[in-house]
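The values are calculated or read from the model by the stated rules, or taken from the named source; none is laboratory data. Just so it is clear, the model here is predicted, and its values are computed rather than measured. Note that we place each Cβ from the backbone using ideal geometry, even for glycine, and neighbour counts take in every protein chain shown. Heads up: the accessible areas ignore ligands, DNA and RNA and are worked out on the full protein's heavy atoms, side chains in. Shrake-Rupley method; radii C 1.70, N 1.55, O 1.52, S 1.80 Å.
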Amino acid sequence: MAIRNIREIGDKVLYKTSKEVKDADKKLLVLIDDMLETMYEAEGVGLAAPQVGILKRVVVIDVSEEGNDPLVLINPVIVETEGEQTGDEGCLSVPGKVGTVTRPNYVKVKAYDKNMKEFTVEGTELLARALNHEIDHLDGKLYVDRVIGGLRSVTDRGM
Ligand code: NI
């Protein structure tokens, strides 16, 4: 495994639409391992492939306190949302900043695992926020464009 360079706001790759993954080959599995290591090293709760410069629809998330419950999503699609939550959000590609964003409070996501087997994940609160945030990355969208009232400076975990 290796730590990859996290692209930051302003980098063109962050504004592009990522491509669907056709099969989980060796190269993709290495990418997933590297994304997990990079996310944990940066103390983030989520990371999307374009954040390490790869335009593939791959996301890793871990919202557990201990950071030992990784969720890997290939070709994730939001199939259901419910409710609303408004709270602070950060991003590993926008270091040192947070902003208030309104997101659905519940999402159901369909995705593929590392064996390209389809599965469904449901999340509320932070997991719902992370799922929305990371899937946005795959469509070239950053949370900064959804912020209410501007960005604030802090030292905090990002997505
Ligand atoms: Ni992010």
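Taking region 73-134 and the strands (runs of 3 or more DSSP E) fully enclosed by it, the elements with 1 or more residues that are within 14 Å of the ligand (Cβ to nearest atom) and touching an Asp or Glu at 6+ places or on another chain (Cβ under 9 Å) are at 85-89, 97-103.
Residues that are assigned to a loop (DSSP other than H, G, I, E, B) and either hydrophobic (A, V, I, L, M, F, W, C) or free of Cβ contacts under 8 Å to residues at least 12 places away in the same chain (or both) were ranked within region 33-49; the one that is surrounded by the fewest Cβ atoms within 10 Å (Cβ to Cβ) is 42.
Here is a check on your reading of the model: is residue 29 closer than 12 Å to residue 72 by Cβ and out of contact with any strand residue (DSSP E or B) (no Cβ under 8 Å at 6 or more places or on another chain)? Criteria met by residue 29. Among the residues of this structure, residue 143 counts as one that is among the aromatic types (Phe, Trp, Tyr) and within 16 Å of the ligand (Cβ to nearest atom). Could we say that residue 104 is of a type outside the set (Lys, Arg) and closer than 21 Å to residue 67 by Cα here? When the stated conditions are applied, residue 104 does not pass them.
In region 123-155, the qualifying residues are those that are over 14 Å from residue 87 (Cα atoms) and open to solvent by 80 Å² or more (accessible area, probe 1.4 Å), and the one that is modelled with the lowest pLDDT is 155. Per the listing 98, 109, the residue uniquely under 25 Å from residue 21 (Cα atoms), open to solvent by less than 10 Å² (accessible area, probe 1.4 Å) and in contact (Cβ under 8 Å) with a residue 12 or more places away in the chain is 109.
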